[in-house]
Amino acid sequence: MKRVTGIGGIFFKAKDPKKMQAWYHKHLGLPMTPDGYIVFEWGNQAVPGYTVWSTFPEDTKYYEPSTKPFMINYRVENLDALLALLKEEGVQVVGEPETHEYGKFAWIMDPEGNKIELWEPNDPVFKTINKMD
């Protein structure tokens, strides 16, 4: 079974998330969606793929219980099977998995206290939601 298939997102805290994302868009050309998220499209029509780059407010609780100012999201193919395997291996699972129209999510902690987001994407819906064409 494949575990991680790619990086689904890179998230970090910023004093002014919108201003920071606009700076990266303007000066480095990072591709911004209409909702202000930066999304890299690296797949193709047969095998779509996207990586989200986004900032969060400094006081976000989304990364907890990690105290780190960043979180990495990894793309996976079968979230339920991977979670079962990770639990068997003694990996700490944080919270309950969530399902959204653009994919399924779950969170784990690494040995140094970094929260990791796992994402089983629904790429066609993700592309439609973010008006990518």
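The values are calculated or read from the model by the stated rules, or taken from the named source; none is laboratory data. Quick caveat, the model's predicted, so the values are computed rather than measured. Because the Cβ atoms are built from the backbone with ideal geometry, glycine has one as well, and the counts that use them run over all protein chains shown.
Looking only at residues in the stretch 50-67 that are loosely packed, with under 14 Cβ neighbours inside 10 Å and not polar (S, T, N, Q), the one that is nearest to the chain's Cα centre (by Cα) is 62. Does residue 43 satisfy the condition of being at pLDDT below 90 and either over 19 Å from residue 120 (Cα atoms) or out of contact with any helix residue (DSSP H, G or I) (no Cβ under 9 Å at 6 or more places or on another chain) (or both)? No: the conditions fail for residue 43. Looking at residue 97, is it in contact (Cβ under 8 Å) with a residue 12 or more places away in the chain and assigned to a loop (DSSP other than H, G, I, E, B)? It is false that residue 97 is in contact (Cβ under 8 Å) with a residue 12 or more places away in the chain and assigned to a loop (DSSP other than H, G, I, E, B). Annotation note: Cβ proximity below 7 Å between a residue of the stretch 14-35 that is farther than 23 Å from residue 59 by Cα and a residue that is surrounded by 10 or more Cβ atoms within 10 Å (Cβ to Cβ) and among the aromatic types (Phe, Trp, Tyr) (sequence gap 6+ or interchain) occurs for 30/24; 30/53; 31/40. Going residue by residue through the stretch 108-118, is there one that turns out to be closer than 26 Å to residue 32 by Cβ, within 16 Å of the chain's Cα centre (by Cα), among the β-branched types (Val, Ile, Thr) and in a strand (DSSP E or B)? So far as the stretch 108-118 goes, yes, one or more of its residues are closer than 26 Å to residue 32 by Cβ, within 16 Å of the chain's Cα centre (by Cα), among the β-branched types (Val, Ile, Thr) and in a strand (DSSP E or B). Here's a check for you: in the stretch 86-133, which residue that is among the β-branched types (Val, Ile, Thr) and either farther than 23 Å from residue 68 by Cα or in contact with a Phe, Trp or Tyr (Cβ under 9 Å, 6 or more places away or on another chain) (or both) is surrounded by the fewest Cβ atoms within 10 Å (Cβ to Cβ)? Checking each candidate, the answer is 99. Screening residue 42 on (1) closer than 25 Å to residue 14 by Cα; (2) aromatic (Phe, Trp, Tyr); (3) without any contact (Cβ under 8 Å) to a residue 40 or more places away in the chain shows it passes everything except condition (1). Of the numbered criteria (1) touching a Phe, Trp or Tyr at 6+ places or on another chain (Cβ under 8 Å); (2) under 20 Å from residue 112 (Cα atoms); (3) not in a strand (DSSP E or B), the one residue 73 fails is (3). If you check 71, 109, 132 for being over 23 Å from residue 1 (Cα atoms), of a type in the set (A, V, I, L, M) and modelled with pLDDT of 95 or more, only one passes: 71.
Only a single criterion out of (1) of a type in the set (Gly, Ala, Ser); (2) closer than 27 Å to residue 15 by Cα; (3) outside any loop (DSSP other than H, G, I, E, B); (4) modelled with pLDDT of 95 or more is not satisfied by residue 66, namely (3).
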